[in-house]
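The block underneath contains the structure these notes are about, expressed in structure tokens.
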Amino acid sequence: MAWDMLNMIAVMAFSFSGAIVAMSERYDIFGTYMLGLATAFVGGIIRNIALDVPVVHVWEQGIFFYVAIGTITVAYFFPKSWVMFMDRWNIYTDAIGLSAFAIGGAMFAMDQGFPLGGIMFAALLTGVGGGMTRDVLAQRRPMVLHQEIYAVWAMAAGFVAGMGWVDLGSVWQMYSLFVAVIALRVTSHHMGWHLRFRDFYRI
């Protein structure tokens, strides 16, 4: 039950994020729904393909599919000023989705009996897959590849869970990790923390 609620929050956050990005890029209604659904569900599909386990398709997501559709519909009727405002603050909904899906990916891999590396990989793919797909479809540079510290927090969630430092079977520990990953992602954004990269434009 606790994970279902966390998954619901993640689906709402990522489908909302995808819809806002689509509208800010002037996508039509079909494009808005496609981008919202892709953001919410593609990460899990990519994870299952990579781990060679059965894929649960978008239309087989049950109540989560309808929650995503409803969230996108609500976002679609936002006034233009709200859409532009939310696009500027999309970091927060993105952080919620990243955290929840990273933890969900880790739980999935642990249930499948994968070792630590597989758990971290599953957390990474599930956490960042949707956001990366959103950015690619919106013709934006994926933030996971160049902006701040993003994917590292998803891998960190998988590492902490895989090492047994956090018991994901405990509701309060799971939600504590959820809040911690959100806080780290938002902090890294506002503080401008970056992984090392080569700057070819400085002498």
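The values are calculated or read from the model by the stated rules, or taken from the named source; none is laboratory data. In this text, all values refer to a predicted model and were calculated from it rather than measured experimentally. Note that each Cβ is placed from the backbone with ideal geometry, even for glycine, and that neighbours are counted across all protein chains shown. Please note that ligands, DNA and RNA were not included when accessible areas were found on the heavy atoms of the full protein model with its side chains. Shrake-Rupley method; radii C 1.70, N 1.55, O 1.52, S 1.80 Å.
Answer with yes or no whether V53 is open to solvent by less than 50 Å² (accessible area, probe 1.4 Å) and either more than 20 Å from H189 (Cβ to Cβ) or of a type in the set (S, T, N, Q) (or both). Even if it seems obvious, please write down each step before you answer.
Numbers: open to solvent by less than 50 Å² (accessible area, probe 1.4 Å): yes; either more than 20 Å from H189 (Cβ to Cβ) or of a type in the set (S, T, N, Q) (or both): yes.
So V53 fits the description; yes.
Report yes if some residue within region 151-172 is of a type in the set (S, T, Y) and in a helix (DSSP H, G or I); otherwise report no.
No.
Of the residues F16, F30, which single one is in contact with a Ser or Thr (Cβ under 9 Å, 6 or more places away or on another chain) and farther than 24 Å from G169 by Cβ?
Checking each option against the conditions leaves just F16.
What about V21, is it of a type outside the set (F, W, Y) and more than 20 Å from V186 (Cβ to Cβ)?
no
Just the residues that are over 20 Å from the mean Cα position of the chain (by Cα), over 20 Å from I96 (Cβ atoms) and either open to solvent by less than 70 Å² (accessible area, probe 1.4 Å) or free of Cβ contacts under 8 Å to residues at least 12 places away in the same chain (or both), please, taken from region 160-178.
Selection gives G164, W165, D167, G169, S170.
For region 60-71, indicate whether the set of residues that are crowded, with 18+ Cβ neighbours inside 10 Å and touching a residue at least 60 places away in the same chain (Cβ under 8 Å) is non-empty.
Yes, there is a match, as at least one residue in region 60-71 is crowded, with 18+ Cβ neighbours inside 10 Å and touching a residue at least 60 places away in the same chain (Cβ under 8 Å).
Can you tell me which residue within region 86-136, out of those that are under 19 Å from S17 (Cα atoms) and of a type in the set (S, T, N, Q), is surrounded by the most Cβ atoms within 10 Å (Cβ to Cβ)? Talk me through it step by step, then tell me what you get.
Of all residues in region 86-136, those under 19 Å from S17 (Cα atoms) come to 86-104, 124-136.
Narrowing further to those that are of a type in the set (S, T, N, Q): 90, 93, 99, 126, 133.
Numbers: N90: 19, T93: 19, S99: 28, T126: 32, T133: 22.
Here the answer is T126.
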